[in-house]
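Down below is the structure, laid out as structure tokens.
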Amino acid sequence: MDPRKRQAQPQGMSAQKVITARRMRILTAVFLVVALVLVGRLAWVQLKWGPQLQTVAAEQREREFVDPARRGAIVDREGNFLAYTMKARSLTVSPVTLRRELGELARNEMYEEGATRAEAEAQQEARVEDMLRQMANEIPTMIKADDVEESDKGENKEKNKDGDKGEKDKLPTPKVNSKDILEKLHADSDYEVLVRNVDPDVAAQVAEKFHGVAADRQDIREYPNGAIAENIVGRVSMDGQGQFGLEASSDSILTGIDGRSTEDVSANGQAIPGTLRDVVPVVDGARVELTIDLDLQAYVQQLLEQAKVNSKAKDAEAVVLDAKSGEVLAMANTSTIDPNGDLERQLSAGRSFENPSISHPYEPGSVAKIITASAAIEEGLTTPDEVHQVPGNIEMAGVNVADAWQHDVAPYTTAGIFGKSSNVGTLMLAQKVGEERFDDYLNRFGIGQSTGIELPNESSGLVPAREQWSGGTFANLPIGQGMSVTTLQLASVYQALANGGERIEPRVVKSVTQPSGEQLPQEDPRRTRVVSEKTAKTVVNMFRAAFQDDPNGVNSGTAQGNSVPGYQLSGKTGTAQQVNPDTGAYSNSDYWITFAGIAPADDPRFVVAIMLDDPERGPLEGGGGGQSSAPVFTEIANWLINRENIPQSPDPGEPMVLQAQ
């Protein structure tokens with residue numbers, strides 16, 4: 001071998017080693033650079049982005065759960081439900097997602113059965129349709145089967161006082177059919193409600209059986225009495241907020257406080273044990289007990305609807321108070337809406353959620369003359385049997401006021417002035433009282449003042465301030481004109497006299513009870529000494545004259561023929577002209593027809609105030625009963641007397657002299 005070749009071989013190998021070593025150094029340097037970059041990047045992520053990423057990760061796995069509070073029940077004075085909340089579920093799906101997932105399930109099943117890919121794809125759509133039809137057919141069956149099962153059990157359907165399902169009325173079976181469900185399952189949407197108001201147990205069974213069906217919580221506010229007392233109770237909106245009546249005014253009390261908790265979940269949605277924290281227990285809404293008597297409310301409401309039809313009035317209102325406590329036993333008006341019915345249809349027909357008994361004031365007319373009578377008796381200016389020479393008209397500050405019937409100077413007693421409702425005689429007594437003192441009595445009786453009733457939208461009515469009285473003001477106010485009151489205020493005036501001269505502001509809330517059983521203290525109603533007990537008794541007794549019936553007509557009152565045999569009643573009729581909106585003057589054809597009274601007069605238990613808005617005839621069947629609200633008062637008084645089994649009144653003795661001979 002050539003020595004030169006032998007020498008070249010080691011040199012070539014040496015050069016290759018040099019190249020290799022150089023490449024290794026380069027690679028090592030590259031690796032070191034990459035490592036440094038990665039380490040730097042890691043350090044940057046850990047130190048700079050770490051806290052932020054940690055927060056994001058925590059947020060991704062952290063879930064906050066809300067346990068909605070149940071809205072408190074509203075009950076009457078006997079515990080009968082007026083409004084309550086029932087737990088329910090809505091069955092919901094995402095149709096687009098459901099059909100896709102059902103398609104995947106169908107393919108997997110067919111693969112397990114040995115089908116080829118082509119066969120699975122060919123049959124997939126048909127199998128999905130079969131699954132959808134199965135859901136559409138079985139869901140209504142499961143819901144209806146639950147209703148049949150409950151009926152077969154013969155369980156007690158009575159409503160108790162805690163509002164829990166199973167111990168009170170069962171949820172009504174929702175109307176559902178297979179066709180509607182199938183249409184929703186075929187919808188091109190991401191959210192559809194298949195059925196609302198489903199029993200929670202049934203909803204859970206449906207959700208467990210059928211893939212993709214969720215049982216979403218849904219609280220249902222029930223109004224079991226329909227339109228009865230709805231003007232008082234009101235209703236809640238779709239989002240559970242009080243809109244009208246007590247539901248609105250007591251919304252914060254009824255709503256309660258939602259419970260909350262926080263928990264971490266895994267990627268597949270499973271709760272991670274030991275991560276439950278920040279637990280705030282749910283506090284359900286308080287239970288509100290009203291002073292309302294449901295049976296009486298239903299009776300009065302029905303009676304008013306009949307009176308409206310019989311008299312062809314535009315509307316009618318009535319308030320019944322407990323004479324001693326001022327508690328509202330019934331507060332009714334016509335055209336009250338049924339929250340369980342078609343609201344739009346009812347609203348278009350003139351029904352509403354309003355409560356005009358507290359929000360729509362009107363001129364009371366002669367029914368307010370009892371204020372003038374009380375002032376005159378209290379001031380010692382007259383007695384019931386004093387005889388007054390009353391002319392047919394009277395001039396006051398340039399205003400000529402006449403009685404409703406023509407007569408020459410007549411010898412009316414004080415009892416006769418009010419029993420026959422003489423405007424002239426009333427103004428003669430008012431002149432003795434004087435403007436300043438009369439204004440004081442208006443204030444004592446609460447005219448122009450809100451009662452503070454625990455309901456929204458109460459009107460305070462209207463009475464001119466003393467400094468704004470003009471020459472003719474005092475010719476109007478003593479006879480019930482030139483001022484406006486609500487039916488509740490009118491009842492409150494008579495309650496003051498029925499209660500021995502002390503007016504107690506009317507209340508509709510009897511108690512508020514927390515879920516724990518603790519009763520929340522209620523503010524005591526304000527009491528006002530209006531007149532002495534002696535005066536109150538005298539006035540109540542004197543106003544029995546309105547019901548007095550004399551065959552000769554001389555000593556008959558304006559409410560004659562409306563007495564309850566065996567019982568003494570006290571009260572006053574009223575007729576007030578409405579204002580013609582076109583002329584701004586009093587109308588000669590449109591009237592508010594009012595009545596307020598006390599039963600029994602010898603031992604007052606109840607006060608009733610009535611208003612008929614522009615009736616064309618009487619409130620009894622066929623339009624009988626005359627142009628008066630007295631027959632409606634008598635019907636209510638008679639119903640209360642019979643139900644409460646009140647002992648008959650003592651013999652009042654000789655009839656009162658209303659017109660001296």
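Filter region 84-125 down to the residues that are in contact (Cβ under 8 Å) with a residue 60 or more places away in the chain, more than 20 Å from ASP180 (Cα to Cα), open to solvent by 30 Å² or more (accessible area, probe 1.4 Å) and not in a helix (DSSP H, G or I) and list them by number.
Selection gives LYS87 alone.
Quick one: how many residues across region 611-643 are open to solvent by 70 Å² or more (accessible area, probe 1.4 Å) and in a helix (DSSP H, G or I)?
Adding up the residues that qualify gives 4.
With ARG25, ARG6 as the choices, which residue is modelled with pLDDT of 75 or more, charged (D, E, K, R), in a helix (DSSP H, G or I) and open to solvent by 60 Å² or more (accessible area, probe 1.4 Å)?
The conditions single out ARG25.
Right, SER629: of a type in the set (Gly, Ala, Ser) and closer than 15 Å to PRO600 by Cα or not?
No, not satisfied.
Can you pull out every residue in region 126-139 that is buried (at least 16 other Cβ atoms within 10 Å of the Cβ) and either touching a Ser or Thr at 6+ places or on another chain (Cβ under 6 Å) or of a type in the set (Phe, Trp, Tyr) (or both)?
Answer for region 126-139, where residues must be buried (at least 16 other Cβ atoms within 10 Å of the Cβ) and either touching a Ser or Thr at 6+ places or on another chain (Cβ under 6 Å) or of a type in the set (Phe, Trp, Tyr) (or both): just ALA136.
Would you check if GLY269 is part of a loop (DSSP other than H, G, I, E, B), modelled with pLDDT under 85 and in contact with a strand residue (DSSP E or B) (Cβ under 8 Å, 6 or more places away or on another chain)?
no
Where in region 392-509 are there helices (runs of 4 or more DSSP H), lying wholly inside it, with at least 2 residues that are surrounded by fewer than 19 Cβ atoms within 10 Å (Cβ to Cβ)?
So the answer is 423-433, 435-444.
Does VAL288 count as under 22 Å from PRO68 (Cα atoms) and either at pLDDT 85 or above or surrounded by fewer than 20 Cβ atoms within 10 Å (Cβ to Cβ) (or both)?
Here the answer is yes, as VAL288 does meet what is asked.
Conditions tested, residue by residue: (1) within 25 Å of ARG444 (Cβ to Cβ); (2) small (Gly, Ala, Ser); (3) without any contact (Cβ under 8 Å) to a residue 12 or more places away in the chain.
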site: SER484; (1), (2), (3): yes, yes, no
site: GLN519; (1), (2), (3): no, no, yes
site: VAL531; (1), (2), (3): yes, no, no
site: ALA536; (1), (2), (3): yes, yes, no
site: ASP549; (1), (2), (3): no, no, no
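Looking only at region 311-334, filter to residues that are out of contact with any helix residue (DSSP H, G or I) (no Cβ under 6 Å at 6 or more places or on another chain) and polar (S, T, N, Q); which one of those is nearest to GLU616 (Cα to Cα)?
If we take residues in region 311-334 being out of contact with any helix residue (DSSP H, G or I) (no Cβ under 6 Å at 6 or more places or on another chain) and polar (S, T, N, Q), then SER311 is nearest to GLU616 (Cα to Cα).
Please go through region 382-430 and give me each residue that is touching an Asp or Glu at 6+ places or on another chain (Cβ under 9 Å) and at positive phi, ordered by number.
SER421
Would you be able to say whether some residue in region 149-165 is open to solvent by 70 Å² or more (accessible area, probe 1.4 Å), of a type outside the set (S, T, N, Q), under 34 Å from the mean Cα position of the chain (by Cα) and at pLDDT 70 or above?
Scanning region 149-165, I find no residue that is open to solvent by 70 Å² or more (accessible area, probe 1.4 Å), of a type outside the set (S, T, N, Q), under 34 Å from the mean Cα position of the chain (by Cα) and at pLDDT 70 or above, so the answer is no.
Which members of region 524-548 meet the condition of being modelled with pLDDT of 95 or more and of a type in the set (D, E, K, R)?
Within region 524-548, ARG526, ARG527, ARG529, GLU533, LYS534, LYS537, ARG544 qualify.
Which residue is least open to solvent (accessible area, probe 1.4 Å), if the candidates are limited to region 360-391 and must be of a type in the set (Ser, Thr, Tyr) and over 38 Å from the mean Cα position of the chain (by Cα)?
Across region 360-391, the extreme among qualifying residues is THR382.
Pull up region 236-256, narrow it to residues that are open to solvent by less than 20 Å² (accessible area, probe 1.4 Å) and over 8 Å from the mean Cα position of the chain (by Cα), then point me to the one that is farthest from MET331 (Cα to Cα).
LEU254
Could you check region 173-200 and list, in sequence order, the residues that are under 23 Å from MET238 (Cα atoms) and outside any loop (DSSP other than H, G, I, E, B)?
Result: ASP180, ILE181, LYS184, GLU192, VAL193, LEU194, VAL195, ARG196, ASN197, VAL198, PRO200.
Taking VAL531 as the residue in question, decide whether it is under 31 Å from the mean Cα position of the chain (by Cα) and over 30 Å from GLY618 (Cβ atoms).
Here the answer is no, as VAL531 does not meet what is asked.
If only one of VAL309, VAL233, VAL320 is within 27 Å of GLN627 (Cα to Cα) and open to solvent by less than 40 Å² (accessible area, probe 1.4 Å), which one is it?
VAL320
Got at least one residue in region 547-568 being open to solvent by less than 80 Å² (accessible area, probe 1.4 Å) and part of a helix (DSSP H, G or I)?
yes
Suppose we filter region 167-182 for residues that are at pLDDT 70 or above and either hydroxyl-bearing (Ser, Thr, Tyr) or within 15 Å of VAL93 (Cβ to Cβ) (or both); how many remain?
Of the residues in region 167-182, 5 are at pLDDT 70 or above and either hydroxyl-bearing (Ser, Thr, Tyr) or within 15 Å of VAL93 (Cβ to Cβ) (or both).
When you look at ALA349, is it in contact with a Leu (Cβ under 6 Å, 6 or more places away or on another chain) and free of Cβ contacts under 8 Å to residues at least 60 places away in the same chain, yes or no?
no
In region 569-586, what residues are out of contact with any helix residue (DSSP H, G or I) (no Cβ under 8 Å at 6 or more places or on another chain) and either in a loop (DSSP other than H, G, I, E, B) or open to solvent by less than 10 Å² (accessible area, probe 1.4 Å) (or both)?
Within region 569-586, ASN580, PRO581, ASP582, THR583, GLY584, ALA585 qualify.
Based on what the data block shows, is VAL280 under 22 Å from ALA637 (Cα atoms), over 20 Å from the mean Cα position of the chain (by Cα) and open to solvent by 20 Å² or more (accessible area, probe 1.4 Å)?
When the stated conditions are applied, VAL280 does not pass them.
Scan GLY259, GLY212, GLY274 and give me the residue that is more than 28 Å from LEU105 (Cβ to Cβ), of a type in the set (Gly, Ala, Ser) and surrounded by 16 or more Cβ atoms within 10 Å (Cβ to Cβ).
GLY259
Among the numbered conditions (1) of a type in the set (A, V, I, L, M); (2) at pLDDT below 95; (3) under 12 Å from PHE445 (Cβ atoms), tell me where ALA496 comes up short.
Failing condition for ALA496: (2).
The values are calculated or read from the model by the stated rules, or taken from the named source; none is laboratory data. This is a predicted model, so every value here is computed, not measured. Reconstructed Cβ throughout: ideal geometry from the backbone, glycine too, with neighbour counts over all protein chains shown. Surface accessibility is based on the protein's heavy atoms, side chains included, excluding ligands, DNA and RNA. Shrake-Rupley method; radii C 1.70, N 1.55, O 1.52, S 1.80 Å.
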